[in-house]
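Q: Take this structure, written in structure tokens, and hold onto it; I'll ask about it next.
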Amino acid sequence: MQTHDPSVGFHDIKPVPEFFPFPWHLVWAALAVLLIALAIYYVRTRQAKQSTAPHVALPPDEASLQALDALERRREAGTVTVRAFASEASLVVRGYLEDQFQFPAREQTVTEATDALAPRLRKQLPTVPGETLTELQYKLRHLLRTFEKMTFSEHAETSFSLEAEAVADHIRRAREAIRELAFYVTKERERTRSIVEEARTPEAGS
């Protein structure tokens, strides 16, 4: 019979198994990567949907009035120079005329644009009195020439102050001119639509 020798010490019958801690740091890292990937996917999907959504263009008068409002806010905040203010205001007014009456007002001089506008006003607004249209044409010419003077004046920044009431009044008059023209355009469309509907009425009843 084999006896135990105390000088050798005691030994386990079976080797003690090794225990390793669960790698939670790897799990959290994987979850973080997954969340970041999901966030990127969500943002890209949303951007793709927005880019493919149909763009609804505003009517010329609404787009122009919004642009003038934005320009007025920049004037009040002092984040625009006199030259830039006048140049952008002129471009907004010209843009309205071009988009509404279909002629290249943005590329024309003040005289060319207002002269080209006159026959288009008479043609597209036949029920508006000629005196009213002539007055509108004169107002627009005077307004655009004022913007032109402010834009190309040698001493624009010292000759004009964005804080002056007269400068603020230019935006107000631009709004009024666009609103007045838009009113006549809308009334003419309603008149034309009414004529068309009346012409169709006998056909519908027969």
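The values are calculated or read from the model by the stated rules, or taken from the named source; none is laboratory data. Keep in mind that what you see is a predicted model, and the values were worked out from it rather than measured. Virtual Cβ from ideal backbone geometry, glycine too; neighbours counted across all protein chains shown.
Q: Taking helices (runs of 4 or more DSSP H) that fall entirely within the stretch 90-206, which contain at least 1 residues that are within 21 Å of residue 68 (Cβ to Cβ), modelled with pLDDT of 90 or more and touching a helix residue (DSSP H, G or I) at 6+ places or on another chain (Cβ under 9 Å)?
A: Numbers: elements: 110-124, 130-152, 156-159, 165-205.
In the stretch 90-206, 110-124, 130-152, 165-205 are the helices (runs of 4 or more DSSP H) which contain 1 or more residues that are within 21 Å of residue 68 (Cβ to Cβ), modelled with pLDDT of 90 or more and touching a helix residue (DSSP H, G or I) at 6+ places or on another chain (Cβ under 9 Å).
Q: Is it fair to say residue 63 is farther than 21 Å from residue 185 by Cβ, free of Cβ contacts under 8 Å to residues at least 60 places away in the same chain and in a helix (DSSP H, G or I)? Talk me through it step by step, then tell me what you get.
A: Working: farther than 21 Å from residue 185 by Cβ: no; free of Cβ contacts under 8 Å to residues at least 60 places away in the same chain: yes; in a helix (DSSP H, G or I): yes.
Taking the combined requirement at face value, the residue does not satisfy it.
Q: Being more than 16 Å from residue 166 (Cβ to Cβ) and in a helix (DSSP H, G or I) is the filter here, so list the residues in the stretch 80-89 that pass it.
A: Narrowing the stretch 80-89 to residues more than 16 Å from residue 166 (Cβ to Cβ): 80-81, 83-84, 87-88.
Listed by number, the residues that qualify are 83, 84, 87, 88.
Q: When the stretch 81-130 is examined, which residues are found to be surrounded by fewer than 19 Cβ atoms within 10 Å (Cβ to Cβ), touching a residue at least 60 places away in the same chain (Cβ under 8 Å) and within 19 Å of the chain's Cα centre (by Cα)?
A: 87
Q: Looking at (1) closer than 19 Å to residue 176 by Cβ; (2) surrounded by 14 or more Cβ atoms within 10 Å (Cβ to Cβ); (3) at pLDDT 95 or above, which is the only condition residue 69 fails?
A: Here residue 69 clears every test but (2).
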